[in-house]
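What follows is a set of notes on a single structure, which appears directly below.
Each value in this text was obtained by applying a stated rule to the coordinates, not by laboratory testing. Since the model is a prediction, treat every value here as computed from it, not as a measurement. For neighbour counting, all protein chains shown are included, and Cβ atoms are generated from backbone atoms with ideal geometry for every residue, glycine included.
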Amino acid sequence: MKKAILCLLVSSIFITSCKKETKQQEETTQEVKTLAYSVDSSTTEVNWTAYKTTAKTPVKGIFTHLNIEKPIQSDSKQGAFANLEFKIPVSSFFSKNEARDNKIKALFFGVMKETTLISGHFSNITGNEEEGAMSLNLKMNGEIVSIPMKYSISDNKVNINGTITNLMDWKMDDAFKSLHKACELLHTGEDGISRTWEDVAINATAVLKRN
């Protein structure tokens, strides 16, 4: 009788231990799944800085919308950008100056081959979950040009910086001349010279969410 009771106790302990182990394995598996990061397009901001006059006076603005149809799921924070594709509606161009915005939309983007969207993807990511570099392959006017970018990560916030060194790389001579002509007076500095610069600084901030 004592042996039977002892066997029952041992069996009970063994079954309970197995259940706990199975539960721990399930919780571990579930935890691993939640480590996947992806870019939250609803909280992403894309800022730009263009320049005018010989003194290179900055003109700043933002694209208020960025669309990501297929977010990348990654176990690393920087991996969430690997081959990530995005689209930016030109209509979301905003510089806190309605007259300027209308000119740029109509006389710059409106003169390009593709007038409604800017698109692109990221590639060649090197670095870690604190800082590194990546390529921004930006498509405008039917042309794709790669731009070197730097990134830094704090918690789940990613800051990306780079510079378009020459807008003419996108073969947008007509669009550029159209904009400069429309803004010729406004782009004239104290020296009497009107200049629209061909470089544009880009800054983007993205928030990563865990899935």
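Here the extension length gained between residue 98 and residue 143 equals 13.4 nm, from 0.36 nm per residue of separation less the Cα-Cα distance.
Scaling against 2.2 N^0.38 Å puts the C-alpha radius of gyration of region 39-210 at 1.07. In this simple spin-label model, placing a label point 7 Å from the Cα along the Cα-to-Cβ direction at both residue 161 and residue 205 gives a separation of 1.3 nm. Each Lys and Arg Cβ is given +1 and each Asp and Glu Cβ -1; about its Cα centre, region 94-211 then shows a dipole of about 400 debye.
Remark: for residue pairs 113/209; 60/113; 105/209; 77/105; 60/171; 52/209, the C-alpha separation exceeds 29 Å in 113/209; 105/209; 77/105; 52/209. Across the options 148, 202, 59, the greatest Cα extent toward the positive end of the charge dipole of region 39-210 (unit charges at beta carbon of Lys, Arg, Asp, Glu) belongs to 59.
Tell me the net charge near residue 106. Cut-off is 14 Å between Cβ atoms, residue 106 excluded, with +1 for each Lys or Arg and -1 for each Asp or Glu. Let's see the in-between values first.
Working: positive: 100, 103, 105, 181; negative: 98, 101, 174.
Its environment carries a net charge of +1.
Put simply, the Cα atoms of region 123-171 extend 38, 15, 15 Å along their principal axes, the longest span coming first. Gain on full extension, evaluated as 0.36 nm per residue between residue 42 and residue 73 minus their Cα-Cα distance, stands at 9.5 nm.
If you take the square roots of the eigenvalues of the alpha-carbon gyration tensor of region 156-211 and sort them as a ≥ b ≥ c, do you get rounded (a/c under 1.5), prolate (a/b over b/c) or oblate? Provide the component values of the computation, followed by the final result.
Values: a/c = 3.45, a/b = 2.34, b/c = 1.47.
Prolate.
A Förster radius of 35 Å, combined with the Cβ-Cβ distance separating residue 82 from residue 177, puts the computed FRET efficiency at roughly 0.40.
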